[in-house]
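*Asks:* First the structure, which I've put down as structure tokens, then a few questions once you've had a look.
The values are calculated or read from the model by the stated rules, or taken from the named source; none is laboratory data. Please read all numbers here as calculations on a predicted model, not as lab measurements. Positions of Cβ are backbone-derived with ideal geometry, glycine not excepted, and every protein chain shown enters the neighbour counts. Ligands, DNA and RNA are excluded from the accessible area calculation, which covers all protein heavy atoms including side chains. Shrake-Rupley method; radii C 1.70, N 1.55, O 1.52, S 1.80 Å.
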Amino acid sequence: MVVAIVLFVLGLAILGTVVAWALGWAPAARGTRLGEAFFEAGQRTQDTAVEFWEWLRLGR
């Protein structure tokens, strides 16, 4: 009986993996877009800081 339950759970896990793969879901890509957004925000902040210091240096 225990073997049947283990095989059933294993089958469900495999079936879930196959369905996720077929639909294009990827757990590893879960935070990728958010990470890219944080990276871009950091770059914009750096650009703004550089422009601000350049503005101060030139006195404009």
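Table: residues versus (1) modelled with pLDDT under 80; (2) loosely packed, with under 10 Cβ neighbours inside 10 Å.
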position	(1), (2)
17	no, no
21	yes, no
37	yes, no
58	no, yes
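*Asks:* Looking at residue 54, is it open to solvent by 100 Å² or more (accessible area, probe 1.4 Å), of a type in the set (Asp, Glu) and either part of a helix (DSSP H, G or I) or modelled with pLDDT under 90 (or both)?
*Replies:* Numbers: open to solvent by 100 Å² or more (accessible area, probe 1.4 Å): no; of a type in the set (Asp, Glu): yes; either part of a helix (DSSP H, G or I) or modelled with pLDDT under 90 (or both): yes.
It is false that residue 54 is open to solvent by 100 Å² or more (accessible area, probe 1.4 Å), of a type in the set (Asp, Glu) and either part of a helix (DSSP H, G or I) or modelled with pLDDT under 90 (or both).
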